[in-house]
1. Can you find even one residue in the stretch 549-569 that is at pLDDT 75 or above, surrounded by 10 or more Cβ atoms within 10 Å (Cβ to Cβ) and part of a loop (DSSP other than H, G, I, E, B)?
2. What number of residues in the stretch 52-92 are more than 18 Å from residue 149 (Cα to Cα) and assigned to a helix (DSSP H, G or I)?
3. Can you tell me which residue among 450, 497 is touching a residue at least 40 places away in the same chain (Cβ under 8 Å) and in contact with a helix residue (DSSP H, G or I) (Cβ under 8 Å, 6 or more places away or on another chain)?
4. Just one of 121, 92 is within 21 Å of the chain's Cα centre (by Cα), touching a residue at least 24 places away in the same chain (Cβ under 8 Å) and crowded, with 19+ Cβ neighbours inside 10 Å; which is it?
5. In this structure, does residue 220 turn out to be under 19 Å from the mean Cα position of the chain (by Cα) and in a helix (DSSP H, G or I)?
6. Among 287, 263, 333, 280, which is modelled with pLDDT under 90 and either more than 30 Å from residue 106 (Cα to Cα) or out of contact with any helix residue (DSSP H, G or I) (no Cβ under 7 Å at 6 or more places or on another chain) (or both)?
């Protein structure tokens, strides 16, 4: 059997990920096995996955492979097409960076009570599950890989299991992951019932009525939306991501959430094969709500990793806004505009993977050096951790969608797609899309404010605690992992036309058309619609910024700028300034908290004149808990209490229930 070299590379990635899991088992006795064998193999797996994915994108491959595994009557079917290749490359880049970063990070865990064998073993299985989901070409293998990914990540979330809050977060994640998995399984069941099989090739040929297609869409939106963290299904995400080891948090936020995006795209855009404008409206509303809610809650957080987790909710909202636009344009007969919105979604997916992975690795470096996640205890880290400060700044600029980095390109493409709403015939849709655009613009402004807060409070000013003042530069491996992602953030911002050329085969496979006009002005100019409509040149932006910086430096060296004389500020006869006089994370977010107070459940306690030890306390809770999850939990608890009444301890009662059940079943069958 001749197997294409790209497929061999993908299979090698799977093999290396599994080998990484196996060689981590001796780490229970020899902790160095994790650093010297398991994590390097994981990094090599990422390199192989990236190579296979890029090969599929560049060549526009569409390959299939059947392996004699699985059930006797249902072997495993694998595929490597442009869509799978894109997400394979995305996962591979993140896994490579995590594999480089991990050895130095886990060295600090070798003296702890947690099992390093479990960390390495489940990390390898987690990556294997993600790769298999992307390569699966039948519903059975897809669901097996999906459950492998979910279960392995559950054990990674529960790694620091001594803390009850971590165990609670892991249980919540596992519960919602299985609810989402059940919804996905039912969605595949609807398709398989009409297709007569589980292979994706058969599912594509299923002829569904609008009702059944809409039911399948609703189920997969629920399942994949829950894994992606769309509001109001996001409750697990800010609980689970912060408590996992930092390189795992980067993989969960950067890669696992994109696997959910892949699943949604594969089923809705590829397998169902129908496009209805109502679906686009639902996805647009869900994406807008997620984007705005996510950034509002991110801005209110003082825990750095929890802030980044809420920010992932916001970015997944942006991705689904673009996917909703693609559904709307395709359902109304505008395939080129649908391709533009779809490319914007894919571009933002890889951008979010890069800068969110970078920021989580940066947060892990801060945690490794200071043992602190609370922004209120940080400050002045740029002088103590200059490389981490530089890379974290790149991530902050990228996630704030500021040119010339990568976050700007994908959000700009999303706006360009939204600005074409005038081509739609429906007045309702022409009115809805500008509202979504306004929400997206507001979200962008709030994101910039959030990460100004993060960087200013954590890296600038003075240290607010003793252990932060003792922070030191992290080991070389941790800096290399961050540096790799920072370089990609710059490259994807500087070379957008080349990136879109790589994404075009994906759009062509889904919609039958790409964006041939994107590079009509040459590699220097990006023209997504046309040169007359809008254009952007990242290289020229960099040249302009470099020119401004050069003029400023020359001006300063020629003495045109007065030298700053440093001295103590006038203190009105009071004590000198202290770190406590700086802006805190809570005070920075206070104006936004007042404006959007209705979005939060606030518990604010201000000190009074009678307090012997005055303290300010602020707790912010998510309204989704009180509006959705707590009533649901109470209903389940109430039902459980009633079911307990059946357990009377009387054998005759049990026999009676058994007889009644048999009679009901016989009645149903007959």
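1. no
2. Adding up the residues that qualify gives 12.
3. When all the criteria are applied, what remains is 450.
4. 92
5. yes
6. Residue meeting the stated conditions: 333.
Conditions tested, residue by residue: (1) free of Cβ contacts under 8 Å to residues at least 24 places away in the same chain; (2) in contact with a helix residue (DSSP H, G or I) (Cβ under 7 Å, 6 or more places away or on another chain); (3) surrounded by fewer than 13 Cβ atoms within 10 Å (Cβ to Cβ); (4) not in a helix (DSSP H, G or I).
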| residue | (1), (2), (3), (4) |
| --- | --- |
| 591 | yes, no, yes, no |
| 620 | no, yes, no, yes |
| 641 | yes, no, yes, no |
| 646 | yes, yes, yes, yes |
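Residues are listed down the side, and each one gets a yes or a no for (1) more than 23 Å from the chain's Cα centre (by Cα); (2) assigned to a helix (DSSP H, G or I); (3) closer than 30 Å to residue 106 by Cα:
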position: 439; (1), (2), (3): no, yes, no
position: 445; (1), (2), (3): no, yes, no
position: 451; (1), (2), (3): no, yes, yes
position: 457; (1), (2), (3): yes, yes, yes
position: 472; (1), (2), (3): yes, no, yes
position: 498; (1), (2), (3): yes, yes, no
position: 506; (1), (2), (3): no, yes, no
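The values are calculated or read from the model by the stated rules, or taken from the named source; none is laboratory data. Computed from a predicted model, the values in this text were never measured in an experiment. Reconstructed Cβ throughout: ideal geometry from the backbone, glycine too, with neighbour counts over all protein chains shown.
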